[in-house]
Amino acid sequence: MNYTLNNLPEREQKPRDRGFTMAMDKGLSIREVEDFIEVAGDYVDIVKLGWATSYVVPNLQKKLDVYKAAGIPVYFGGTLFEAFVIRNQFEDYRRVLDRYQMEFAEVSDGSLDMDHDEKCGYIRTLAEQVTVLSEVGSKDDQKIIPPYMWIRLMQAELEAGAYKVIGEAREGGNVGLFRSTGEVRSGLVEEILTKIPFEKILWEAPQKSQQVWFIKLLGANVNLGNIAPSEVVPLETIRLGLRGDTFDHFLDLKTPC
């Protein structure tokens, strides 16, 4: 940091198991990736190449190389996994992971209907090859999953070998964990937390108000995802109580979050 401030919450240091910031790259140029890493590389833990953008961007390998040189892991969005699966190309997907030397993969079923045992089978298979992040929740805003089912699905996917489970919100933050207005389904989140350890959940929270809500509930070291590259540094200030939204939240903090 550039100078000293007292009474800030203690952030876990990278590489960390909690306090993750997952940024979403929706098609950045190489120059944009370099600029992003220059200002935010210390605060981002992992980058998702949104949905299936990795299929169409012309700079994929160069982009992966830049992130790798900065020590930032990258993974393909879960929609790409689903696009392969629905075309009966799962083994092709595995070969793509090997081709690009991916260390992480996302397993999701937000865009297609998949038997959950089948999904867990994909998690088990991929967990032998890479570190798996599995996403729970639907991209369909009309599909409401009750809290007990979120818990059951998350538990099963962690048992199948997922490193962390992701709470679905899409890049807009208006489905899954959130109402169409972006408001957090607070009862849902609180019930999930009665059974699933908070460090095992990566909450997709692209909107500032959502990030503030989770930080106030779970502290500076909550795992948050789908963060726009331009919002990674602002998010870090929210985590540290250095933005108006959390300005006095940590001032009486005596122990690490």
Completion exercise
What helix-only [θ] at 222 nm does the chain give? Using -39500 (n - 2.57) per DSSP H run of at least 4, over all residues, to the nearest 500, the answer is -11000 deg cm²/dmol
Handout entry: Relative exposure of 39, 175, 107, judged by other C-beta atoms within 10 Å (fewest first)
Key = 39, 175, 107
Fill in the blank from the handout: Most exposed first, judged by fewest Cβ atoms within 10 angstrom, 239, 31, 18, 11 run 31, 11, 18, 239
Practice task
Within the stretch 64-144, report the chymotrypsin sites (Phe, Trp or Tyr not before Pro) that DSSP leaves as loop and that have at most 10 other Cβ atoms within 10 Å.
Solution key: none
Handout entry: Selected from 52, 111, 69, residue furthest toward positive end of dipole (the stretch 1-116; charges at beta carbon)
Key = 69
Practice task
Quick one: which residues, 5 or more positions from residue 178 or on another chain, have an amide H under 5 Å from its amide H? H modelled 1.01 Å from N in the peptide plane, none for Pro or chain starts.
Solution key: 185
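For the stretch 99-257, what is the relative contact order in percent, using Cα pairs closer than 8 Å and at least 6 residues apart in sequence? Before the final figure, lay out each step's value.
Numbers: 238 pairs, mean separation 25.8, N = 159.
The normalised contact order for the stretch 99-257 reaches 16 percent.
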Practice task
Between residue 216 and residue 89, with labels modelled 7 Å along Cα→Cβ, what's the label distance in nm to one decimal, could you check?
Solution key: 4.5
Practice task
Please report how far the C-alpha centroid of the stretch 27-47 lies from that of the stretch 162-227, rounded to the nearest whole angstrom.
Solution key: 23
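How charged is the neighbourhood of residue 200? Take every other residue with its Cβ under 12 Å from the Cβ of residue 200, and add Lys/Arg as +1 and Asp/Glu as -1.
-1
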Handout entry: Hits among lysines - C-alpha to C-alpha of residue 143 under 20 Å, sequence gap 8 or more where chains match
Key = 119
Problem - ³J(HN,Hα) computed for each position of the stretch 169-179 - Karplus, 6.51 cos²θ - 1.76 cosθ + 1.60, integer Hz, glycine/proline x - result: 8, 6, 6, x, x, 9, 9, x, 5, 10, 6
Practice task
Count neighbours as other Cβ atoms within 10 Å of each site's Cβ, and list the GluC sites (Glu not before Pro) in the stretch 50-129 that are DSSP loop with at most 12 such neighbours.
Solution key: 128
Fill in the blank from the handout: Taking every DSSP bridge whose two residues both lie in the chain, the antiparallel percent to the nearest 5 is 5
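Values quoted throughout were computed directly from the atomic coordinates according to the rules given, and no laboratory measurement underlies them. Quantities reported herein were computed from a predicted structural model and do not represent experimental measurements. Reconstructed Cβ throughout: ideal geometry from the backbone, glycine too, with neighbour counts over all protein chains shown.
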